[in-house]
1. I want to check the label-to-label distance for Q195 and K119. Put each point 7 Å from Cα in the C-beta direction and report it in nm to one decimal.
2. Tell me the label-point distance for the pair I217, V156, using the 7 Å Cα-to-Cβ offset, in nm and rounded to one decimal.
3. Along the charge dipole of segment 74-233, pointing to its positive end and built from +1/-1 on Cβ of Lys, Arg, Asp and Glu, which listed residue (G84, N152, G118) has its Cα farthest out?
4. Using a Gaussian network model on the chain with a 10 Å cutoff between Cα atoms, which of R161, R28, R129 fluctuates the most?
5. Report D for the chain in µm² per second (integer): Stokes-Einstein, Kirkwood Rh on Cα pairs, 10 °C, 1.306 mPa s.
6. So how do K119, K4 line up by other beta-carbon neighbours within 10 Å, fewest first?
7. Hey, in the GNM for the chain with a 10 angstrom Cα cutoff, which one of T25, T102, T248 fluctuates hardest?
8. Based on Cβ point charges of +1 for Lys and Arg and -1 for Asp and Glu, what charge dipole magnitude is obtained for the chain about its Cα centre, in debye rounded to the nearest 20?
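FYI, it's all coordinate maths here, none of it is from the lab. Computed from a prediction, not measured in an experiment: that's the story for all the values here. Methodologically, a virtual Cβ is constructed for each residue, glycine included, from the backbone with ideal geometry; neighbour enumeration extends over all protein chains shown.
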Amino acid sequence: MQDKYVGDIGDFGKYALLKTLCGQTETRDRLSLGVVWYRTFFPDEKSDDGKHTRYLLNPGPRDIRELKACDPDLYDALFGIVDGKRRAVRAIREQRILAHGTVYHEDLLSFDEMPFSGKRARDARLAHRQEWLDSAVKATRDCAVVFLDPDNGLEVKSCPRYGKRGPKYVFFSELTPFVEGGKSVIIYQHIDHSQPAKEQVKRRLSQLKDRFVGCAIPFGLLFHRGTARAFLVIPSSHHADTLIDRATRFLSGRWGELGHFDQDVISLGSSSIR
């Protein structure tokens, strides 16, 4: 997660979903939330990520204009951040985008200015990353749900944890302390062009299921606006029914009806678990 992404159209879908899954607007069964930003900084990186703010500043097609109707308060809050040129993750906390009591882990995860070549450099990077993870686990120890927000999503074979671009990924080993701590875990996952989006989501869910044997069955939600992305959920056994019910209701409302999110809760056996 980079500061320059804050307030883009992906953020709008992301925070609306988190609010719903945690029951932020409900009177009972609210789930406390911890947000772990895999906050990175790549000043030389050239991409269109984070530039999808037209939905706020210059609404165009009908489906984009209708986004505001999905969550007017969230829309206005993100508009204020972008229009006020305050695009930084701290603004999400300062504007109270999520419920009071939400815990944020904002420490930068970067290997910038650290040596790279050789075993000693590699070990130093891994130690730095582990220290960062330990801090995140400690910060969210009392949260029922933890959201992990990297640039790209789950690990890929071509990028090691200590690599320059390693902070763009969540590694399976880094999920373990959260899952074993009894938390429900939600992970941001970028969708690429390697295969159809739903197949990518199912492949990742299969990896999570194989990794965390004995846990509740993971599921995913697919967001279509701007750059396609998914949200992968590893529910705690204590929260599984609640999270699935809320996800289903979320998709049966405006977000799904207008095509912003795919209308199915994606699972391993089929396109929908409903």
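1. So the label points at Q195 and K119 sit 3.7 nm apart.
2. My value for the distance between the label points is 2.9 nm.
3. About the Cα centre, the residue reaching furthest to the positive side is G118.
4. Evaluated over the chain, the most mobile residue of the options is R28.
5. Taking Rh from Cα pairs, D becomes 83 µm²/s.
6. The most exposed by this proxy come first: K119, K4.
7. T25
8. Here the chain has a charge dipole of around 320 debye.
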